[in-house]
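The values are calculated or read from the model by the stated rules, or taken from the named source; none is laboratory data. Note that the structure is a prediction, hence the values are computed from the model and not measured. As a convention, Cβ positions derive from the backbone with ideal geometry for all residues, glycine included, and neighbour counts pool all protein chains shown. Quick note on the areas: whole protein, heavy atoms, side chains included, nothing else; ligands and nucleic acids left out. Shrake-Rupley method; radii C 1.70, N 1.55, O 1.52, S 1.80 Å.
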Amino acid sequence: MDIVVKGRKTEVPERFRKHVAEKLNLEKIQKLDGKVISLDVEVSKEPNPRQADRCERVEITLRSRGPVIRAEAAASDPYAALDLAAEKLDAQLRKQHDKRYTRRGARRLSAAEVPDHVPGVATLNGNGHPVPAEASDSVPTKKIGSLEVQGDGPLVVREKTHVAAPMTLDQALYEMELVGHDFYLFVDSETKQPSVVYRRHAYDYGVIHLDTDPMVAQAHSPEAGGALGG
């Protein structure tokens, strides 16, 4: 398998091609994913002078018998962008490798072992029948955010609030690919709606816009309802 390096509206010097071959160690990559079919590196240049600090973009696409893995980064020069993209690719490959290793190494649990490994599961007696749980009054209840959880249940709620400037759909796709995530939450600058873009298959994307139903909002309003005068 060879590494294909190409430029999009820019020339790729031979020195950079050699650096790509040195940076992307095929032997190391094939150890993490033995089903690699092709490895493409695309270099492009952003002409906008306002983005001089990340005008050079490098996109690495690895195709195998499994899902396509893409990693891209932008920097002030192509060598720095390649280093960043290579680090992202390595992280994704290791993540996929660890998942496969975990699945292969996992063993099946007996019914008696399940309660020790799965919190909140029903306990079975010697005949395989569920053991009645204690009365719910004896289980302490705690509040997590707006939810109530009994005991030390497996529910974990993490709340985060981000401040973001409205952006276009194209910019949201760019930011999603830049961070290497499968989805990206943003505020659409045209519609002012909370929206999310997400990856579907390969280079196929989807977008969801969130709109408020006035009828539902009215139904949940504190002023809604009440007794009707006769």
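So here's what we get for this one:
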| read-out | value |
| --- | --- |
| Gyration tensor verdict on region 1-103 (Cα atoms; rounded if a/c is under 1.5, prolate if a/b is larger than b/c, oblate otherwise) | prolate |
| Share of pairwise Cα separations in region 164-207, more than 16 Å, in percent | 27 |
| Area of THR212 that stays accessible when all protein chains are in place (1.4 Å probe, Å², to 10) | 100 |
| Label-point gap, in nm, between GLU87 and LYS28 - each point 7 angstrom along Cα→Cβ | 1.3 |
| Extension gain, ARG8 back to LEU178 (0.36 nm per residue minus Cα-Cα distance, nm) | 59.4 nm |
| Sequence of HIS181, HIS19, HIS162 from largest to smallest accessible area, 1.4 Å probe | HIS162, HIS181, HIS19 |
| Surface accessible to a 1.4 Å probe, GLU190 within the full protein complex, Å² | 150 |
| Spin-label pair THR212/MET1, simplified geometry with 7 Å Cα→Cβ offset, distance in nm | 5.0 |
